[in-house]
Amino acid sequence: MSYDDFIKEWYSESETISCNTSGSTGTPSHINLPKREMISSARRTCSFFEITSDSHLHSCISPDYIGGKMMFVRSVVSGATFSYEVPSNRPLDRFTGQTLDLVSVVPSQMLHIFDRPDIIRSVRNFLIGGSAIPDEIKEQIINLRISAYESYGMTETSSHIALRRIQNGTEWFETLPGISVFYHSGSQLGIKIDGWKEFFTNDVAEIKSPTSFKIIGRADNAINTGGKKVFPEVIERKLSRHLNIPFFISSHPDEKWGERVVLATSDTATSTEAIMKICKSILPSHESPKEIIRLSAIPMTPNGKIKRIKFPLSGSSMLHMENFSE
């Protein structure tokens, strides 16, 4: 979809916008999102970032995704100037130097921005979404004193429902006005948007207050090993600062333990012994991978999220598996 296509859909007589979900609240599906709720969401974001008719919004992401769609809706609601570009790994390369009040990007696009001090000086706020932000990108943002916000939300909720500024000492998302969170199904995150409805996600969360929370991992990614539940996302965060290779954590059936933790990587240069040494020095035994699985490539979704497969996988691009069971 192009922005021209989306703008035509927005100004059509339909009261809804056709969207595809990513699966945060269940199986990925097609939904019709009410325009009135997209407007309400846009107003909350514009209020948070103090967007007015004098502001300039710029999108580096595709309107195929809710984040791209909402950048245009925010401009409609506020009267702000709106511009966009074809998504690439060299965002804002045609930047002309004017002040941009809010720029939407995915995490990987920040890598190019780090090398452009002229962009950093001229962008008031970056809004980063689409997938989890690696720790090394967060550290660069903090070191360069960039004003950047990590978003939490989904298509079903008309983009983000909470934000956190990327800076030292901030690990909690804070909800936008009129939005609260609660537990459902044990420790999974529920979301209530005043005047609309409640949403039930598959994300396991720690809730500090009705307006403050952090995400632990996805319930459907949880690995049950020897009676202990571990989350791949937690293990990945622990390893990411020490293991400088592309990888993700998954599981493999195990007769004794139910499931065993495995590490999948497309790296072929780093020895298995070196990988395991790092893992064992950082992780407790129940979280430490018992196998290394070499893949020809890390499977990814179109918007940059890891496609978290479980093993064994028939017809995979697996190169080989190396056992390190204790």
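Details
- Top-ranked residue in the range 242-257 [being over 26 Å from S296 (Cβ atoms) and charged (D, E, K, R); ranked as surrounded by the fewest Cβ atoms within 10 Å (Cβ to Cβ)]: E255
- Note on the range 30-115: enclosed strands (runs of 3 or more DSSP E) holding 1 or more residues that are in contact (Cβ under 8 Å) with a residue 24 or more places away in the chain and open to solvent by 60 Å² or more (accessible area, probe 1.4 Å) are 81-84.
- Cross-chain or 6+ apart pairs with Cβ under 7 Å, the range 268-281 first and part of a helix (DSSP H, G or I), then open to solvent by 50 Å² or more (accessible area, probe 1.4 Å): M276/F324; I278/H242
- Number of positions in the range 127-184 that are in contact (Cβ under 8 Å) with a residue 40 or more places away in the chain and either open to solvent by 40 Å² or more (accessible area, probe 1.4 Å) or part of a loop (DSSP other than H, G, I, E, B) (or both): 12
- Test: residue in the range 70-83 that is at negative phi, touching a Gly at 6+ places or on another chain (Cβ under 7 Å) and not hydrophobic (A, V, I, L, M, F, W, C): no
- Filtering the range 217-234 to residues that are assigned to a strand (DSSP E or B), buried (at least 18 other Cβ atoms within 10 Å of the Cβ) and touching a residue at least 24 places away in the same chain (Cβ under 8 Å) leaves I223, T225, V230.
- Filter pass, H242 being touching a residue at least 40 places away in the same chain (Cβ under 8 Å) and touching a Ser or Thr at 6+ places or on another chain (Cβ under 9 Å): yes
- Any hit, the range 57-79, residues being among the hydrophobic types (A, V, I, L, M, F, W, C) and in contact with a Lys or Arg (Cβ under 7 Å, 6 or more places away or on another chain): yes
- Residue among S75, S59, S47, S108 that is within 21 Å of the chain's Cα centre (by Cα) and at pLDDT 95 or above: S59
- Meets criteria (of a type outside the set (V, I, T) and surrounded by fewer than 14 Cβ atoms within 10 Å (Cβ to Cβ)) for N202: no
- For the criterion of being of a type outside the set (V, I, T), open to solvent by less than 20 Å² (accessible area, probe 1.4 Å), out of contact with any helix residue (DSSP H, G or I) (no Cβ under 9 Å at 6 or more places or on another chain) and not in a helix (DSSP H, G or I), F213 passes.
The values are calculated or read from the model by the stated rules, or taken from the named source; none is laboratory data. Everything numeric in this text was worked out from a predicted model, so none of it was measured. Quick reminder, even Gly has a Cβ in these numbers, built from the backbone with ideal geometry, and neighbours come from all protein chains shown. Heads up: the accessible areas ignore ligands, DNA and RNA and are worked out on the full protein's heavy atoms, side chains in. Shrake-Rupley method; radii C 1.70, N 1.55, O 1.52, S 1.80 Å.
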